[in-house]
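First up is the structure itself, then whatever we jot down about it.
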Amino acid sequence: MLAVFVKIQIKPEYRDQYLEASMGDAMGSTRDEPGCYRFDVLKDDKDQNRIYFYEVYKDEAAFAVHQTMPHFKKWQETVADWNAQPLEVVILTTIYPDDEAWARQG
């Protein structure tokens, strides 16, 4: 499985709106994308303006589909000017749970 970890630093004045937009993307992803197995939105306990996304997709093709979905495009356009710094995106391969376990969850 393909995992995506995103570190986001939000401009403080947009924190609440950013979180709302992010929840829309996360819920749309897990609801509308069969290839999206997980989309967590996490907050940093030491910095209220830093959040993280942890996403798991069936494969690169499923992640590519995610990037074409209306909820992703809406999120991308909405938050474009609300980032305090560029997003840090790391692409990973899951080890545990293994692919069979993820597939059973999906």
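Computed from the coordinates by the stated procedures, all read-outs in this text should not be read as laboratory data. Being a predicted model, the structure only gives us computed values, none of them experimental.
Numerical summary
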| read-out | value |
| --- | --- |
| Gain in span if fully extended, N49 to L92, counting 0.36 nm per residue against the direct Cα distance | 13.1 nm |
| 22 Å tail of the calculated P(r), the stretch 2-105, as % of Cα pairs | 29 percent |
| In degrees, nearest ten, helix 15-32 long axis to first principal axis of the chain (Cα) | 20 degrees |
| Within a Gaussian network of the chain (alpha carbon springs, distance under 10 Å), most fluctuating of T78, T68, T94 | T68 |
| Value of [θ]222 nm, deg cm²/dmol, for the chain, DSSP H segments ≥ 4, -39500 (n - 2.57) each, nearest 500 | -12000 deg cm²/dmol |
| Qualifying lysines (Cα of each under 26 Å from Cα of K74; at least 8 residues distant if same chain) | K7, K11, K43, K58 |
| Calculated from backbone phi, Karplus (6.51, -1.76, 1.60) coupling profile of the stretch 55-68 in Hz, x at Gly/Pro | 10, 10, 10, 4, 6, 4, 4, 5, 5, 4, 4, 3, 6, 9 |
